[in-house]
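The values are calculated or read from the model by the stated rules, or taken from the named source; none is laboratory data. Just so we're clear, the structure is a prediction, and the values are computed from it rather than from any experiment. Glycine gets a Cβ as well: all are built from the backbone with ideal geometry, and neighbour counts include every protein chain shown.
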Amino acid sequence: MPVSRDDPKHGRWILPLIIVAMVVLTYTFVNSLEPAEQVESSDSTTMPPFPTEPTTTTTIPADLEAFLETIAGFEEQAVDFRDDVNRVNDQWEPPREIEFNEAISAFQQIGAEVEVWEDEVAAAADPAVVPEGFGEQMVELLVEVEDLAPAVDDVVLGLREPDDGTLRRQAVAAYDDETEDVLEIIDGIQAQAEPAATTNTTEGDTTSTSSDAPNA
């Protein structure tokens with residue numbers, strides 16, 4: 001049966017066309033809009049620059065550094081031997097903390113250790129290993145160190161004397177003086193080595209910071 005031209009169903013295709021047209025128009029309108037401009041904050045605050053601390057480095061030649069480490073060890077050893085002599089002497093003073101034979105043995109042990117140390121100082125004073133400019137001081141150091149072991153022997157002799165202990169105390173005081181002579185030479189060697197070190201100072205960098213306050 002033929003469809004009548006008055007059939008209302010034939011207009012139902014019009015609605016989809018209208019919808020498509022609206023979508024196209026909307027898309028075209030949105031794309032035609034200018035992009036929004038970015039608003040920069042005017043509340044930017046720049047902190048003033050400030051300098052960092054300068055960096056100071058000291059360069060020491062390798063041979064001189066090793067030499068000074070050896071000298072520092074000698075200084076520590078000399079102080080230790082002096083402390084040992086005085087410790088044993090104090091233990092023998094009344095009231096006695098140790099027996100006579102123990103005191104004799106302890107002093108003799110210290111003397112033997114000092115003699116071994118003397119050989120170490122002699123090896124370090126060898127002109128073949130001493131840095132240039134320190135040969136004379138090392139000879140002086142060796143001469144003073146060679147006086148320490150006999151000074152310990154004098155303490156032992158003072159301990160054996162049948163007196164009131166005066167000779168022993170004098171011998172201990174003499175050993176302390178000999179040690180001070182050793183330490184004085186070591187101080188001179190260390191002081192002489194200071195100008196040999198090269199000091200470099202690097203200026204600190206100047207930096208600045210800035211902070212941006214948030215938009216209201």
*Determine, yes or no, whether Glu161 is out of contact with any Pro (no Cβ under 8 Å at 6 or more places or on another chain), farther than 17 Å from Gly73 by Cα and either at pLDDT below 95 or among the charged types (D, E, K, R) (or both).*
yes
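So is Glu97 more than 18 Å from Asp163 (Cα to Cα) and under 31 Å from the mean Cα position of the chain (by Cα) or not?
Working: more than 18 Å from Asp163 (Cα to Cα): yes; under 31 Å from the mean Cα position of the chain (by Cα): no.
So Glu97 does not fit the description; no.
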*For the range 177-207, which residues satisfy the criterion of being surrounded by fewer than 14 Cβ atoms within 10 Å (Cβ to Cβ), modelled with pLDDT of 95 or more and over 13 Å from Gln137 (Cβ atoms)?*
Asp177, Glu180
*Residues being farther than 18 Å from Ile186 by Cβ and surrounded by 13 or more Cβ atoms within 10 Å (Cβ to Cβ): count how many of those fall in the range 116-134.*
0
_Just checking, does the range 132-139 include any residue being acidic (Asp, Glu), part of a helix (DSSP H, G or I), modelled with pLDDT of 95 or more and touching an Asp or Glu at 6+ places or on another chain (Cβ under 6 Å)?_
no
*Under the condition of being among the charged types (D, E, K, R) and part of a loop (DSSP other than H, G, I, E, B), which residue from the range 94-109 is nearest to Ala149 (Cα to Cα)?*
Glu99
*Among the residues of the range 111-131, count how many are within 21 Å of Ala151 (Cβ to Cβ) and assigned to a loop (DSSP other than H, G, I, E, B).*
1
*Output the number of residues of the range 109-147 satisfying the condition of being more than 16 Å from Asp80 (Cα to Cα) and either polar (S, T, N, Q) or touching a Phe, Trp or Tyr at 6+ places or on another chain (Cβ under 6 Å) (or both).*
2
*Working only within the range 46-84, note down all residues that are modelled with pLDDT under 95, in contact with a helix residue (DSSP H, G or I) (Cβ under 8 Å, 6 or more places away or on another chain) and either assigned to a helix (DSSP H, G or I) or crowded, with 17+ Cβ neighbours inside 10 Å (or both).*
Leu64
